[in-house]
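Scroll down for the structure; my scribbles are underneath it.
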Amino acid sequence: TGGTGETTSSNPNARTIEVLQEMGDFYEQVKDQWRTRAYRMAIGTLKKTTDKIRTADEAEELPKIGKRIALKIEEIALTDGLRRLEFAKQDPTDRTRQIFLKIYGVGPSQGLKWAQQGYKTLEDLKAHVHLTANQKIGIAHYNDFDTRIPREEVTALGDIVKQVAAGIDPDVELTVGGSYRRGAATLGDIDFLITKPNTTTTIDLLTFLDDLVRHLTDTGFLVAALAVPRGESSSKWHGACVLPGNPIWRRIDFLLVPASQMGAALLYFTGDDIFNRSMRFLAGTKGWRLNQRGLYKDVMRGPGREKLSEGVLVEGADEKRIFRALGVPWRPPEQRIC
Ligand code: DCP
Ligand code: MG
Ligand code: MN
């Protein structure tokens, strides 16, 4: 996520937002959830501003901006940068950690571990550490997966998939979600949601997914399988595909969704992630719960707020009805950028 060029550069605080975003990304990568969240909320506030914020006092008067981030905002306005961010960037361990983190199949703790062990390059990893099959693909196609995909290419890739899908089962419906549905000009990957009318479980769609993957692999469209479903409840398939004539491997995700959950899944997989968080938070303020399967009420919680029951389903099938149930005016996907 991020870096999609969706932020309006006409915002007077565009530069501040950009630097805060980088700082927030850094905290996200080092798994500092509290700071990640604080930066996100501050960015969300700044994106709604119409005046340039220059001082910490001005910043602190805005909603959801605390004292420490207010000081950072002042520092950026004054110096066009952040010392804390420069420090993080200069730390060589941190730089390699960032490189390793972008390998498909490498999580934050693994990336950190390799960096701390002194490995510096992808070549180092290939020569010295045990890599999973997925990580090997992630390294071999590191630059491919790191290259953003033009929107037109995603449209073309999507059309190929839809055509093959229609030949297997014309009742199956495929939607490209993620940043594509939000209208982004370039994308990190292709997120496909697959559903079929009257289904209530993903088991009804597993055979279709098998057939789809087999056909697309046979024709040379799919070039690698990364995460594939194991067991009945798993419904996702991660892999790589190519557009005929284009050598760059693209990341593609298929997600099976029963029709009864399609609204909630669409909402979740359209994002962006910050918009999702605000919708979940809103559900929480009503004592409800929103996830990629549905909106639930009467969720029973124990003393530590741990969930004791799933609650009663309010809505799962229809995205617009989820907005309505939450009392939120409908927001078209292009406007779900926080
Ligand atoms: N998502 C989320 N929280 C996450 C990861 C994902 O809410 N931590 C949701 C919102 C995303 C969607 O899933 O929009 C798809 O995830 P992607 O990582 O593919 O993100 P995008 O499609 O939004 O952006 P990109 O163009 O980088 O793929
Ligand atoms: Mg995506
Ligand atoms: Mn994805």
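The values are calculated or read from the model by the stated rules, or taken from the named source; none is laboratory data. Model, not experiment: these values are computed from the prediction. Reconstructed Cβ throughout: ideal geometry from the backbone, glycine too, with neighbour counts over all protein chains shown. Just the protein is used for accessible areas: all its heavy atoms, side chains included, with ligands, DNA and RNA removed. Shrake-Rupley method; radii C 1.70, N 1.55, O 1.52, S 1.80 Å.
Being open to solvent by 40 Å² or more (accessible area, probe 1.4 Å) and within 14 Å of ligand 3 (Cβ to nearest atom) is the filter here, so list the residues in the range 267-280 that pass it.
268, 269, 273, listed by residue number.
Touching a His at 6+ places or on another chain (Cβ under 7 Å) and not in a helix (DSSP H, G or I), is that true of residue 104?
So residue 104 does not fit the description; no.
Here is a list of conditions, (1) in contact (Cβ under 8 Å) with a residue 60 or more places away in the chain; (2) crowded, with 17+ Cβ neighbours inside 10 Å; (3) in contact with a Lys or Arg (Cβ under 6 Å, 6 or more places away or on another chain), and residue 88 meets all of them except one; can you say which number that is?
The one condition residue 88 does not meet is (3).
Find all pairs meeting these conditions: Cβ atoms under 6 angstrom apart; at least six residues apart or on different chains; first residue within the range 254-273 and among the hydrophobic types (A, V, I, L, M, F, W, C); second residue within 14 Å of ligand 2 (Cβ to nearest atom) and open to solvent by 10 Å² or more (accessible area, probe 1.4 Å).
If the second residue must be within 14 Å of ligand 2 (Cβ to nearest atom) and open to solvent by 10 Å² or more (accessible area, probe 1.4 Å), the pairs left are 255/236; 269/191.
Out of all the residues in the range 213-221, is one or more within 16 Å of ligand 3 (Cβ to nearest atom), open to solvent by 20 Å² or more (accessible area, probe 1.4 Å) and in contact with a Leu (Cβ under 9 Å, 6 or more places away or on another chain)?
no
Go through the range 281-325 and give me each residue that's part of a helix (DSSP H, G or I), at pLDDT 95 or above and open to solvent by 30 Å² or more (accessible area, probe 1.4 Å).
Result: 320, 321, 324, 325.
With respect to residue 274, is the statement that it is in contact with a helix residue (DSSP H, G or I) (Cβ under 8 Å, 6 or more places away or on another chain) and under 28 Å from residue 38 (Cα atoms) true?
Considered against the rule, which asks whether it is in contact with a helix residue (DSSP H, G or I) (Cβ under 8 Å, 6 or more places away or on another chain) and under 28 Å from residue 38 (Cα atoms), residue 274 comes out as yes.
Any residue in the range 256-266 that is within 15 Å of ligand 1 (Cβ to nearest atom), loosely packed, with under 13 Cβ neighbours inside 10 Å and not in a loop (DSSP other than H, G, I, E, B)?
For the range 256-266, residues within 15 Å of ligand 1 (Cβ to nearest atom), loosely packed, with under 13 Cβ neighbours inside 10 Å and not in a loop (DSSP other than H, G, I, E, B): absent.
Any idea which of (1) open to solvent by 70 Å² or more (accessible area, probe 1.4 Å); (2) more than 30 Å from residue 221 (Cα to Cα) is the one residue 119 doesn't satisfy?
(1)
How many of the residues making up the range 173-187 are assigned to a helix (DSSP H, G or I), buried (at least 20 other Cβ atoms within 10 Å of the Cβ) and in contact with a helix residue (DSSP H, G or I) (Cβ under 7 Å, 6 or more places away or on another chain)?
Of the residues in the range 173-187, 2 are assigned to a helix (DSSP H, G or I), buried (at least 20 other Cβ atoms within 10 Å of the Cβ) and in contact with a helix residue (DSSP H, G or I) (Cβ under 7 Å, 6 or more places away or on another chain).
One residue is enough: does the range 188-198 have a residue meeting the conditions open to solvent by 30 Å² or more (accessible area, probe 1.4 Å) and of a type in the set (A, V, I, L, M, F, W, C)?
Within the range 188-198, none of the residues are open to solvent by 30 Å² or more (accessible area, probe 1.4 Å) and of a type in the set (A, V, I, L, M, F, W, C).
Out of the residues in the range 130-172 that are in a loop (DSSP other than H, G, I, E, B) and without any contact (Cβ under 8 Å) to a residue 24 or more places away in the chain, which is least open to solvent (accessible area, probe 1.4 Å)?
131
Return only the number of the condition from (1) at pLDDT 95 or above; (2) assigned to a helix (DSSP H, G or I); (3) of a type outside the set (Asp, Glu); (4) farther than 30 Å from residue 267 by Cβ that residue 95 does not satisfy.
With respect to (1) at pLDDT 95 or above; (2) assigned to a helix (DSSP H, G or I); (3) of a type outside the set (Asp, Glu); (4) farther than 30 Å from residue 267 by Cβ, residue 95 is out only on (1).
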